[in-house]
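A quick write-up on the structure given underneath.
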Amino acid sequence: MSAQAKTEPLFKKVALIGVGLIGSSLALAMRRHGLAGRIVGCTRSAESRAKVLELGLADEATQDPAAAAEGADLVVVCTPIGTYEDIGRAIAPKLRPGDIVTDVGSVKQAVIRDLGPFIPDGAHFVPGHPIAGTEHSGPEAGFATLFENRWCILTPPPGTDAGAVEKVTALWQACGAMVTAMEARHHDQVLAITSHLPHLIAYTIVSTADDVESSLQSEVARFSAGGFRDFTRIAASDPIMWRDVFLNNREAVLEMLQRFSEDLTALQRAIRWGEGDVLEDMFRRTRAARQRVLEEHQAGTFDPREPGAPK
Ligand code: NAP
């Protein structure tokens, strides 16, 4: 036998249920780093399945989650959160002792509620959330470096098999991510302020500007460089995915929204009463917050295909 015996991949067969931005990026990263013996992709539409095969994202494509999960030692659910319960019901009979189910959903308590009950005894469930993304969707949106130097948060419920958590950790680390573990409720609160509320605000601003544009025949699009453009990028994010995020992280989002409205009202008052020092103080604090984000290297995700992106 040669001294350079080929190392075994981390997983023999990986079922990717959903091969959109996140699923396709994971497929490309797993291929690049030799983490999966075989990959089976599951999508709803025939067009997506054709793309998955054309782009070499999976060895097989199916529309049936149960067929994808059959014989897979790792199942990764990468669909919008509203689909999880049906997917859980479909894959449950195919899961064997020792198989691992994980996911990438942006909300974690709802995922544990919807998918958890379908995981049979002996199989392991390790919910996860890579904090990485772009505003693009579908199998063509993915790129292998999406997770590099990004956090991936795992939220294993108490009692989860430590070996399964270790294997899912190893998967994300091999894709270049930094992995941490957190309680699901805490995750949902943190993400409500760092991701969900900013998306809600972007959707609102762009929608308000859209109404203004049609009522005043103004030129919002032409002069959008003054800040508005960045909001339009975020507000172009997938409507179904984000509908499901808000419906499934209702409590935490409403709480953050309440705090945000109070702060907005305070700002409104400062403007009305000409309290420049209040405005200046707040803007100085937010500038310092930006600096802390930069220091954490979490300031942006660069799609390498976009013009001007760092290589
Ligand atoms: P996406 O690009 O829109 O892709 C969604 C995938 O799920 C597609 O392959 C789609 O198939 C499939 N799908 C949709 N409904 C389905 C159903 N009922 N049954 C089976 N497959 C179905 O979505 P994404 O951005 O990758 O997001 C996927 C998950 O990742 C979400 O849970 C989201 O919360 C999470 N996430 C997203 C981001 C982000 O920035 N986008 C970041 C972190 C985590 P078709 O193409 O055939 O419709």
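Structure above, values below:
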{"read-out": "Any chance Phe143 is among the aromatic types (Phe, Trp, Tyr) and either free of Cβ contacts under 8 Å to residues at least 40 places away in the same chain or open to solvent by 20 Å² or more (accessible area, probe 1.4 Å) (or both)", "value": "no"}
{"read-out": "Yes/no for Thr134 being open to solvent by 20 Å² or more (accessible area, probe 1.4 Å), farther than 17 Å from Ala36 by Cα and not in a loop (DSSP other than H, G, I, E, B)", "value": "no"}
{"read-out": "Cβ-Cβ under 7 Å pairs, at least 6 apart or on other chains, the range 116-139 side touching a residue at least 24 places away in the same chain (Cβ under 8 Å), far side away from the ligand (no atom under 15 Å from the Cβ) and acidic (Asp, Glu)", "value": "Ala123/Asp99; His124/Asp161"}
{"read-out": "Filtered residues of the range 152-179 (kept if closer than 23 Å to Arg96 by Cα and assigned to a loop (DSSP other than H, G, I, E, B))", "value": "Thr155, Pro156, Pro157, Pro158, Gly159, Thr160, Asp161"}
{"read-out": "Test set (1) open to solvent by 10 Å² or more (accessible area, probe 1.4 Å); (2) more than 9 Å from the ligand (Cβ to nearest atom); (3) not in a helix (DSSP H, G or I) - Ala92 fails condition number", "value": "(3)"}
{"read-out": "Enumeration of residues in the range 141-172 that are under 16 Å from the mean Cα position of the chain (by Cα) and among the charged types (D, E, K, R)", "value": "Glu148, Arg150"}
{"read-out": "Answer residue from the range 52-89, given it is in contact with an Asp or Glu (Cβ under 6 Å, 6 or more places away or on another chain) and of a type in the set (D, E, K, R) and is most open to solvent (accessible area, probe 1.4 Å) among those", "value": "Glu85"}
{"read-out": "Unique match (being over 18 Å from Ala29 (Cβ atoms) and more than 16 Å from the chain's Cα centre (by Cα)) among Gly56, Gly82, Gly122", "value": "Gly122"}
{"read-out": "Every residue from the range 42-51 that is without any contact (Cβ under 8 Å) to a residue 60 or more places away in the chain and either over 16 Å from Leu21 (Cα atoms) or surrounded by 14 or more Cβ atoms within 10 Å (Cβ to Cβ) (or both)", "value": "Cys42, Ala46, Arg49"}
{"read-out": "Of all residues in the range 221-239 being open to solvent by less than 80 Å² (accessible area, probe 1.4 Å) and touching a residue at least 12 places away in the same chain (Cβ under 8 Å), the one that is nearest to the ligand (Cβ to nearest atom)", "value": "Asp238"}
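The values are calculated or read from the model by the stated rules, or taken from the named source; none is laboratory data. Just so it is clear, the model here is predicted, and its values are computed rather than measured. In this analysis, Cβ positions are derived from the backbone assuming ideal geometry, glycine residues included, and neighbour counts consider all displayed protein chains. Note: accessible area is taken over every heavy atom of the protein model, side chains too, but ligands, DNA and RNA are not part of it. Shrake-Rupley method; radii C 1.70, N 1.55, O 1.52, S 1.80 Å.
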